[in-house]
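Below you'll find the structure, written out as structure tokens, and then a few comments.
The values are calculated or read from the model by the stated rules, or taken from the named source; none is laboratory data. Note that the structure is predicted; figures quoted are calculated from it, not measured. Here the Cβ is made from the backbone with ideal geometry for all residues, glycine too, and neighbour counts use every protein chain on show. These accessible areas exclude ligands, DNA and RNA; they are computed on the full protein's heavy atoms, side chains included. Shrake-Rupley method; radii C 1.70, N 1.55, O 1.52, S 1.80 Å.
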Amino acid sequence: MSKGRLEAFSDAVIAILITIMFLELRVPHGADAAALRPLLPVFLTYVLSFVFLGIYWNNHHHMFQAVDRINGRILWANLHLLFWLSLVPFVTGWMGENHFAPLPTAVYGVVLLLAGVAYTILQNAIIAHHGPRSRLAEAVGADTKGKLSVALYAAAIPLAFFREWISDAIYVFVAIMLLAPDPRIESKLDGP
């Protein structure tokens, strides 16, 4: 099967999710800086979620540059990832509107954790279809960043009930870690 429709559909879903998050931002009532203060948690959560969706879109794009063909398992694994990503606007709004309260912060982590697991499942489905010597398999290697991010999300969930700011710091740390350029796939695509 060709990968074109899967990529176009995934791009559209992620674009819609970002649009939904943006449309949830409310205009402040008032023209001074004090009017912005109550909206700060909502805006910060939006920025964090925008970065996460951007990371997923970027990594998804790079991953599919190393893919020649897809099968039904890959289609379902991709839908599984998109399902968890589709919950990002909800948990973003909930966490922001409730000023990083413990339960919304933990649920935000659950969605990030399950999206990370779903991405790993998709990656593994592609590698299984293309073989252990495929460009993607060679580029991903041990996938240390992916495994570390999932472990950090798992740690952040219970920490939200102890000190929610630690969970928030973990989410920011993972975003920064994943934002750092990872040239593995590009080097395999540009290589011989």
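Residues in region 56-71: is at least one over 23 Å from L23 (Cβ atoms), at pLDDT 95 or above and open to solvent by 10 Å² or more (accessible area, probe 1.4 Å)?
Checking region 56-71: not a single residue is over 23 Å from L23 (Cβ atoms), at pLDDT 95 or above and open to solvent by 10 Å² or more (accessible area, probe 1.4 Å).
Taking the condition of being in contact with a Lys or Arg (Cβ under 9 Å, 6 or more places away or on another chain) and farther than 23 Å from P104 by Cβ, how many residues in region 1-49 meet it?
Adding up the residues that qualify gives 3.
Could you count how many residues in region 42-54 are open to solvent by 10 Å² or more (accessible area, probe 1.4 Å) and under 23 Å from L136 (Cα atoms)?
Narrowing region 42-54 to residues open to solvent by 10 Å² or more (accessible area, probe 1.4 Å): 42-44, 46-48, 50-51, 54.
Filter once more, so that each one left must be under 23 Å from L136 (Cα atoms): 54.
So the answer is 1.
Within region 23-41, track down each residue that is open to solvent by less than 60 Å² (accessible area, probe 1.4 Å) and among the aliphatic types (A, V, I, L, M).
L25, A34, A35, L39
Residues in region 78-85: is at least one closer than 22 Å to R133 by Cα and part of a helix (DSSP H, G or I)?
Within region 78-85 (the criterion being closer than 22 Å to R133 by Cα and part of a helix (DSSP H, G or I)), the answer is yes, since at least one residue qualifies.
Which of the following residues is in contact (Cβ under 8 Å) with a residue 24 or more places away in the chain, touching a Gly at 6+ places or on another chain (Cβ under 8 Å), crowded, with 21+ Cβ neighbours inside 10 Å and assigned to a helix (DSSP H, G or I): G109, G116, G96?
Working: G109 fails: touching a Gly at 6+ places or on another chain (Cβ under 8 Å); G96 fails: touching a Gly at 6+ places or on another chain (Cβ under 8 Å).
Among G109, G116, G96, only G116 is in contact (Cβ under 8 Å) with a residue 24 or more places away in the chain, touching a Gly at 6+ places or on another chain (Cβ under 8 Å), crowded, with 21+ Cβ neighbours inside 10 Å and assigned to a helix (DSSP H, G or I).
Of the residues in region 131-144, how many are in contact (Cβ under 8 Å) with a residue 12 or more places away in the chain and open to solvent by 60 Å² or more (accessible area, probe 1.4 Å)? Talk me through it step by step, then tell me what you get.
The initial filter retains those residues of region 131-144 that are in contact (Cβ under 8 Å) with a residue 12 or more places away in the chain, namely 134-136, 138-141, 143.
Now restrict to residues that are open to solvent by 60 Å² or more (accessible area, probe 1.4 Å): 135, 138.
Within region 131-144, residues that are in contact (Cβ under 8 Å) with a residue 12 or more places away in the chain and open to solvent by 60 Å² or more (accessible area, probe 1.4 Å) number 2.
Could you please let me know if A128 is in a helix (DSSP H, G or I) and open to solvent by less than 10 Å² (accessible area, probe 1.4 Å)? Before the answer, list the steps.
Details: in a helix (DSSP H, G or I): yes; open to solvent by less than 10 Å² (accessible area, probe 1.4 Å): no.
No, not satisfied.
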